[in-house]
Structures are given as C-alpha cells and as structure tokens.
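Here's the structure, in structure tokens; my notes come after.
A short reminder: the numbers here are calculations on the coordinates, not readings from a lab. Computed from a predicted structure; not experimentally measured. Neighbour counts are summed over all protein chains in view; Cβ atoms, including those assigned to glycine, are modelled from backbone coordinates with ideal geometry.
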Amino acid sequence: MASLSGKRIVLGVTGGIAAYKSAELTRLLVKAGAMVDVVLTEAGARFVGATTFQALSGRPVWTSLWDERMPNAMAHIDLTRGADLLLVVPATANFLVKLVHGMADDLLSTLCLARPRAGVDGALRDCPLFVAPAMNRQMWESPATQRNVTQLRDDGLHILGPGSGDQACGEMGDGRMLEAAEIFAALEASLCPKLLARKRVLLTAGPTFEALDPVRGLTNSSSGKMGFALARACAEAGAEVTLVAGPVTQTTPAGVTRIDVTSALQMRDAVLANLGGQNVFIAVAAVADYRPAAPADHKIKKSGQPLSIELVPNPDILAEVASRSDAPFCVGFAAESRNLAEYAEGKRKAKNLALVVGNLVQDGLGGDINAVTLFDAAGAHPLPAAEKLEVARGIVAHIASMLATR
Ligand code: PMT
C-alpha cells in the first residue's frame with residue numbers, strides 16, 4: 001500500500017511566490033504521518049518564514065550550512081541520511097541550474113548534491129529527489145530551462161509539473177507550480193508497488209443521464225468517487241488508464257486519459273471505441289438500465305394530467321464486452337440494497353466475469369467511504385470499510401494477483 005506514514009522527508013523551499021503552497025504540502029505530509037524536515041534557502045525564507053514551517057512540521061527548520069544545532073556541523077550530509085524522499089518545492093529556474101551543474105553554495109543545493117543514491121559510496125538505498133518547478137511562463141519555455149529539465153530527467157530526478165494557468169506576474173501559461181494536493185498524490189503514487197506495470201486498463205465511472213426533454217432526464221446519485229479512485233489506483237500501480245466518465249464533477253487523476261459522456265449509449269460507444277489493446281475492463285458506472293424511447297425535442301409542458309413515458313432497455317456494456325472472444329479481464333460492480341452475496345455472485349455468473357465487486361448502496365453510493373466484498377471463482381473476499389482510494393488500492397491488488405495466476 002502507498003503510505004507516507006512513518007516516512008522521513010526533507011522538504012527544500014526555494015524563493016518563489018509558490019512557496020506558500022509548500023506550507024500546505026507540509027501540513028498534508030504531517031497529517032499523513034510523515035516526519036518533515038524543512039530546509040529554506042535565503043530567498044525561500046523571504047516568501048514564507050521559518051516559524052510557519054516549524055509550527056506546521058513540529059520540527060526545527062534549517063536554513064544555513066553553518067547551523068550550529070547539528071552537533072558535527074554536518075547538516076548538509078546528515079539531513080538526508082536515512083531520509084526516504086528529498087523534495088524541492090518550489091524549485092526556481094535558478095535552482096534547476098544549480099541541480100544541473102552540481103553547484104553546492106548553500107545548504108539545500110549541497111544536500112541535493114550529497115543525497116544518497118543506491119550503490120554509490122556504499123549507500124544501501126536511494127533518497128529520490130522530486131522537484132516541482134515554479135516560474136514565469138517565458139522562463140519555463142526558454143531553451144535554457146527546457147535543456148536543464150531534460151538533463152535533470154536524464155539524471156533520474158522526478159519533475160512534478162509544472163501546471164498551466166494564471167501566474168503571479170499577471171501572465172498566463174505553463175510554469176505554474178502544481179497544487180499541494182497534486183504533489184502529495186504524486187508522492188503517494190511513487191511509493192505504490194507497480195502491480196499493473198505494462199497493463200492497459202479501461203474503466204467506466206459515475207452515473208449516466210438519459211434525456212427526457214432538453215432540460216430533464218433520468219439519472220442516479222452515483223458521484224463517480226469510486227470509479228475515479230479506482231482509476232487513480234490503477235495509474236498509481238503503473239497502468240495506462242482510460243476512464244469513460246458520466247456526468248460528474250470529480251477531478252481527473254494524474255496520468256489518466258478521461259473521456260466524458262452523458263448517456264448509456266454514448267458510454268457504450270466510447271468503451272467500444274477504446275477497447276482495442278486493453279488488458280482489463282472495470283465497469284464501475286451506475287448505468288441507467290432504461291432510457292426514454294423518444295426524448296421530446298422541446299420542454300414537456302405541464303398539463304395537469306398523468307404523464308406516461310415509454311422506456312426502452314439500454315445495452316448492457318459490461319455484458320457486451322465480456323461476451324467478446326477477445327474480451328479483456330472483466331471486472332463488474334454490483335450495488336445492492338440487500339442479499340449482496342447472492343445478487344453479486346449471480347451477476348458474476350450471468351455476465352461471465354472474472355470478478356465482481358459487491359457493495360451495499362447504503363455504503364457505497366455518493367459517500368467517501370465504502371465497504372466492499374470481492375466475489376471470484378475462489379469465493380468471497382471482504383475488504384474493510386475505508387476511504388474509497390484505500391478500497392480501490394485493495395481491489396487493484398486483488399486484480400493484480402488474479403492476473404498473475406492466469
Ligand atoms: O459513484 P459513487 O458515488 O462513488 O458510487 C459507487 C457505486 C455505488 C456506483 C459503485 O461502487 C457501484 O456499485 N457501481 C455499480 C452500480 C450498479 O448497480 O451496477 P448494476 O448492478 O446496475 O450493474 C452491474 C454491472 O454492470 C456494473 O459493473 C455496471 O457498470 C455494469 N452495467 C450495468 C448496466 C449497463 N447497461 N451496462 C453496464 O455496463
């Protein structure tokens with residue numbers, strides 16, 4: 001499981017306006033149970049003071065090579081000994097230059113140069129270095145910065161972002177530092193075992209919306225949270241992920257290709273168009289079983305009389321995919337209000353699925369927590385109630401173990 005709990009992290013902060021996001025990142029890391037040592041450059045300290053980081057991390061903050069608090073005056077070496085991750089958030093264009101050339105003219109750049117790398121000078125394990133660039137778009141796009149970033153990637157550093165959008169200078173474009181939550185998610189993902197490496201996974205998520213007229217329709221209260229959590233867990237596990245999403249407001253997980261659809265027919269078309277080459281298909285969507293036979297072209301007017309609407313069945317996307325001769329490994333979901341084991345197992349057999357994830361609607365629909373039971377040919381495997389991302393990681397581990405024995 002990906003967990004930052006108990007990890008020792010050194011967080012370097014250089015001089016950019018995005019430094020305020022590092023304070024939030026510190027909070028997230030500490031909340032997750034990590035121990036965070038913050039190292040400020042002189043310029044970084046101009047944007048957010050040491051007191052803020054000290055309060056958020058609950059630990060001393062380091063700024064100088066000559067700090068006398070380290071008994072052997074070796075802060076530049078000792079801080080990363082035994083550390084699990086070294087981060088530079090934000091990293092200015094100038095700091096990237098220092099990293100490229102191995103400059104060591106302050107505590108943070110010296111720490112980066114001296115970070116342990118497995119097999120080098122007897123180090124048993126890596127202390128990977130993650131860098132989140134933040135700068136004006138022209139600085140980011142300049143050939144010099146692009147050359148530097150390419151070099152740093154070649155040197156094995158992990159470059160996070162940057163994103164695109166409004167910049168502190170008033171301009172708009174690439175170079176904006178990722179949000180703290182995005183950086184946190186990337187760090188968690190880096191710790192996940194790559195159980196689905198070289199696998200391609202296609203998922204559906206969310207509800208569908210079946211139009212009655214231009215303003216009304218039939219839908220359900222699926223939020224998309226379970227499907228998006230599973231897409232993220234698959235991506236964290238190293239899979240190439242395509243997510244066909246009904247109308248939801250969820251944020252697309254990093255590295256996931258998202259296709260938005262509205263109706264069941266559109267969802268089916270998108271799934272079939274993207275099915276080629278997929279190793280796994282996971283149907284999380286709560287697809288409407290029926291749609292209005294003839295949606296009205298104009299808004300249906302109130303008449304005071306009873307109104308009957310003819311419904312016709314929608315195609316069953318999962319059953320159609322699973323019945324193909326070239327079907328990928330198919331995983332279905334079953335949301336039931338009672339008799340979970342009986343109905344879920346019934347769906348598994350009826351649709352010829354390797355695995356069905358059963359949940360009670362009162363547990364799974366809409367909320368942040370879910371409790372599921374996995375049904376496969378070997379029996380029922382309950383997973384404890386947890387945040388949907390945690391549950392999703394458990395489902396991914398089960399899928400990976402089934403794939404490994406096929
Ligand atoms: O989105 P959330 O708020 O996080 O909620 C998550 C969830 C409760 C929607 C999810 O965990 C879940 O259980 N999804 C399946 C919902 C369901 O009841 O499916 P079903 O029993 O109608 O269908 C069984 C399976 O066939 C499902 O995998 C479904 O995606 C698939 N199906 C169903 C009908 C259809 N026309 N096409 C399909 O592919």
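Cross-linked pairs Lys199/Lys347; Lys302/Lys347; Lys351/Lys388; Lys349/Lys388; Lys225/Lys302: Cα-Cα separations exceed 29 Å for Lys302/Lys347; Lys225/Lys302. Remark on region 266-388: hydrodynamic radius 16.6 angstrom, per the Kirkwood mean of 1/r across alpha carbon pairs.
Summing charges over all other residues whose Cβ lies under 13 Å from the Cβ of Val131, with Lys and Arg as +1 and Asp and Glu as -1, gives +2.
Each part gets one Cα centre, and for region 178-219 versus region 1-31 those centres are 24 Å apart. Under 17 Å of direct C-alpha separation, and excluding same-chain neighbours fewer than eight residues apart, Lys31 reaches these lysines: Lys7, Lys21. Here region 1-148 is described by how far its Cα atoms reach on the three principal axes: 39, 39, 35 Å, from widest to narrowest.
DSSP beta bridges confined to region 201-256 are antiparallel in about 25 percent of cases.
So for the chain: antiparallel DSSP bridges make up what percent, rounded to the nearest 5?
35 percent
Mind checking which of Thr145, Ser22, Ala180 is farthest towards the positive end of the chain's charge dipole, using Cβ charges of +1 (Lys, Arg) and -1 (Asp, Glu) about the Cα centre? Checked the options; the winner is Ala180.
Could you calculate the contour length gain from Glu320 to Asp155, that is, 0.36 nm times the residue separation minus the distance between their Cα atoms, to one decimal place in nm?
Working: separation 165, 0.36 × 165 = 59.40 nm, distance 4.66 nm.
Contour length minus the Cα-Cα distance gives 54.7 nm.
By count of other Cβ within 10 Å, fewest leading, how are Met267, Met226 ordered? Walk me through the numbers before you get to the answer.
Values: Met267 26, Met226 30.
Going from least to most buried by this count: Met267, Met226.
Amide H contacts for Ser263 (H built 1.01 Å from N in the peptide plane; partners 5 or more residues away or on another chain; cut-off under 5 Å): Phe209. Along region 216-224 the Karplus relation, 6.51 cos²θ - 1.76 cosθ + 1.60 evaluated at θ = phi - 60°, assigns HN-Hα couplings of 10, x, 9, 8, 8, 8, 4, 8, x Hz to successive residues, with x for each Gly and Pro.
Local charge sum around Arg268 (other residues, Cβ-Cβ under 14 Å, Lys/Arg +1, Asp/Glu -1)?
Taking every other residue near Arg268 into account, the sum is -3.
Basic side chains Lys and Arg get +1 at the Cβ, acidic Asp and Glu get -1 at the Cβ, and with that the dipole of region 200-404 about its Cα centre reaches some 220 debye. Rounded to whole Hz and in sequence order, give me ³J(HN,Hα) for region 248-257 from the Karplus expression 6.51 cos²θ - 1.76 cosθ + 1.60, θ = phi - 60°, writing x for Gly and Pro. Going residue by residue, I get 9, 10, 6, 7, 5, x, 4, x, 9, 8 Hz, with x marking Gly and Pro.
The angle between the Cα long axis of helix 19-31 and the main principal axis of the chain comes to about 70°, on a 0 to 90 degree scale. A straight Cα-to-Cα reach below 20 Å connects Lys98 with none of the lysines, residues fewer than 8 places away in its own chain not being considered.
Counting Lys and Arg as +1 and Asp and Glu as -1 over every other residue whose Cβ lies under 15 Å from the Cβ of Asn279, the net charge comes to +4. Using the alpha-carbon atoms, what tilt in degrees (0 to 90, nearest 10) does helix 340-350 show relative to the longest principal axis of the chain? Once rounded, the angle reads 80 degrees. So which lysines pass the test for Lys194, namely a Cα distance under 16 Å, with those fewer than 8 places away in the same chain ruled out? Partners within reach: none.
Whole-percent P(r), region 200-404, all Cα pairs, 5 Å bins from 0: 1, 7, 16, 20, 21, 16, 9, 5, 3, 2, 1, 0, 0.
Counting each DSSP H run of 4 or more residues in the chain as -39500 (n - 2.57), what helix-only mean residue ellipticity at 222 nm follows after dividing by all residues, to the nearest 500 deg cm²/dmol? Helix contribution divided over all residues of the chain: -9500 deg cm²/dmol. Sparsely packed loop sites in region 16-68 (the chymotrypsin sites (Phe, Trp or Tyr not before Pro) outside DSSP H, G, I, E and B with at most 11 other Cβ atoms within 10 Å) comprise Trp66.
Dipole of region 8-191 (Lys/Arg Cβ +1, Asp/Glu Cβ -1, origin at the Cα centre): which of Ala189, Pro133, Val48 lies farthest to the positive side? Result: Ala189, furthest along the dipole toward the positive end. Spherically averaged projected area of the convex hull of Cα atoms, the chain: 25.3 nm².
Measuring between their Cα centroids, region 137-171 and region 372-401 lie 39 Å from each other.
What's the magnitude of the charge dipole for the chain around its Cα centre, counting Lys and Arg as +1 and Asp and Glu as -1 at the beta-carbon? Answer in Debye, nearest 20. Could you put the intermediate results ahead of the total?
Values: 39 positive and 40 negative charges, 93 e Å.
In debye, rounded to 20, the chain gives about 440.
Projecting the Cα atoms of Pro116, Leu157, Gly58 onto the dipole axis of region 8-191, where Lys and Arg carry +1 and Asp and Glu carry -1 at the beta carbon, places Gly58 farthest toward the positive end. Each residue of region 79-87 was assigned a 3J(HN,Hα) from its phi angle through the Karplus expression (A = 6.51, B = -1.76, C = 1.60, θ = phi - 60°), giving 4, 9, 6, x, 6, 8, 9, 10, 10 Hz with x at Gly and Pro. Helix 225-236 and the longest principal axis of the C-alpha atoms of the chain enclose an angle of approximately 50°.
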